[in-house]
Amino acid sequence: MLKSKDLLDIKSLEAGEIESILEASAGYKDVLRRDIKKVPTLRGRTVVILFFEPSTRTRTSFELAAKRLSCDVVNFSVPNSAVVKGETIVDTALTVEALGAETVIVRHKSSGVPHLLGRSLKASVINAGDGINEHPTQALLDAFTMKEKKGSFKGLEVAIVGDVLHSRVAKSNIYCLNKLGAKVRLIGPPTLVNESMGTDLARVYYSMEEGLRGVDVVMMLRIQMERQGGGFFPSTEEYFKLWGLNEQRLALADRDAIVMHPGPMNRGIEISSGIADGPQSVILQQVTNGLAVRMAVMHLLASGGRA
Ligand code: CP
């Protein structure tokens, strides 16, 4: 069951709501294994995808998920819209709602835009990433992948490595993993992982060698160059030397540890190609699972929280 008409963040979800989404996602994963992957569940529902930032995975999987549910989908093109003439985001969203949008999926560089639209529209609003705030469906697909690979979250040790400061993926994962009973470690340079991030929700490490020891999951983060003014680390070469995931460092984690990355990856900066393409990597499985998770989220929101 979901309580809200919107999915705006993980912070305000209860553990039971997250578990409901994961359960519904497992059902949709089974659907996606069938020869015929399209179901009539949301036939005729109008979904508008409103992305003000670039995306490959999230945008494509939301569009495919909506099409698999038999929705009518509009991929709104911001550069060719009246936004360039100065129309506000709220007026833009009200306009697509007046045209019939019942679900609006939004990505924006400013934190809080999905919350603003959630208050302004009757339609369901799904946050597909807002600035440095949250990326809830990414955390849900990450949790789904961890559950699939590790079975349970109880006592699971998850290391989140890199640019935590600018990462909406990290924030959503910290909330999600804590609600589900996992333990979170944050690893990175002090410029990107503040001491103040060490709370009841996470422990901070300033050494890969210490932080990775014995963990069950290693989640590497993308360096968010577009959100950094520069000066957070001297060079990408040095970053990889100190904070990149390579074979020697991964050997410190549990021998069955899985390696995750939300993508897009900067190979040779955050992660070596040997690890990204290696046997412990579940990076492409995360992408595949995103489809089932987004189908589940759209279905649950459209049906008032019950699939
Ligand atoms: N993980 C993620 O949000 O990737 P995209 O930017 O490609 O959507």
Within region 11-24, can one find any residue that is at pLDDT 95 or above, within 19 Å of Pro262 (Cβ to Cβ), crowded, with 17+ Cβ neighbours inside 10 Å and within 16 Å of the ligand (Cβ to nearest atom)? no
Only one of these is touching a strand residue (DSSP E or B) at 6+ places or on another chain (Cβ under 6 Å) and surrounded by fewer than 19 Cβ atoms within 10 Å (Cβ to Cβ): Gly268, Gly198, Gly214. Name it. Gly198
Filter region 82-109 down to residues that are more than 16 Å from the ligand (Cβ to nearest atom) and part of a loop (DSSP other than H, G, I, E, B) and give me whichever is farthest from Gly44 (Cα to Cα). Gly86
Mind checking which pairs have a first residue in region 227-239 that is in a helix (DSSP H, G or I) and a second that is at pLDDT below 90, Cβ under 6 Å, 6 or more apart or different chains? Tyr239/Phe233
Residues of region 174-200 that turn out to be in contact (Cβ under 8 Å) with a residue 60 or more places away in the chain and either within 16 Å of the ligand (Cβ to nearest atom) or part of a strand (DSSP E or B) (or both), as a count: 1
Pairing a residue in region 47-63 that is within 11 Å of the ligand (Cβ to nearest atom) with any residue that is part of a helix (DSSP H, G or I), where Cβ atoms lie under 6 Å and the two sit 6 or more apart in sequence or on different chains, gives Phe51/Arg59; Arg57/Val287; Ser61/Gly290; Ser61/Leu291; Ser61/Arg294; Phe62/Arg294
Val125 passes all but one of the listed conditions (1) at pLDDT 95 or above; (2) part of a helix (DSSP H, G or I); (3) farther than 22 Å from Arg222 by Cβ; the exception is number (2)
Hey, could you check region 1-59 for residues that are part of a strand (DSSP E or B) and under 21 Å from the mean Cα position of the chain (by Cα) and say which is nearest to Pro136 (Cα to Cα)? Leu7
Touching a helix residue (DSSP H, G or I) at 6+ places or on another chain (Cβ under 9 Å), away from the ligand (no atom under 16 Å from the Cβ) and within 21 Å of Ser167 (Cα to Cα), is that true of Gly211? no
By residue number, the members of region 146-173 that are within 16 Å of the ligand (Cβ to nearest atom), in a helix (DSSP H, G or I) and touching a strand residue (DSSP E or B) at 6+ places or on another chain (Cβ under 7 Å) are Met146, Arg168, Ala170, Lys171, Ser172, Asn173
Counting only residues that are surrounded by 14 or more Cβ atoms within 10 Å (Cβ to Cβ) and part of a loop (DSSP other than H, G, I, E, B), region 279-307 contains a total of 4
Kindly provide the set of residues from region 248-268 that are assigned to a strand (DSSP E or B) and within 19 Å of the chain's Cα centre (by Cα), ordered by number. Ile258, Val259, Met260
Out of Arg267, Arg255, I need the residue that is away from the ligand (no atom under 16 Å from the Cβ), farther than 30 Å from Lys5 by Cβ, assigned by TED's automatic domain parsing to the domain that holds Leu140 and without any contact (Cβ under 8 Å) to a residue 40 or more places away in the chain. Which one? Arg255
Sole residue being closer than 22 Å to Pro264 by Cβ, more than 16 Å from the ligand (Cβ to nearest atom) and assigned to a helix (DSSP H, G or I), chosen from Pro79, Pro114: Pro79
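The values are calculated or read from the model by the stated rules, or taken from the named source; none is laboratory data. Not measured: the values here are computed from a predicted model. Methodologically, a virtual Cβ is constructed for each residue, glycine included, from the backbone with ideal geometry; neighbour enumeration extends over all protein chains shown.
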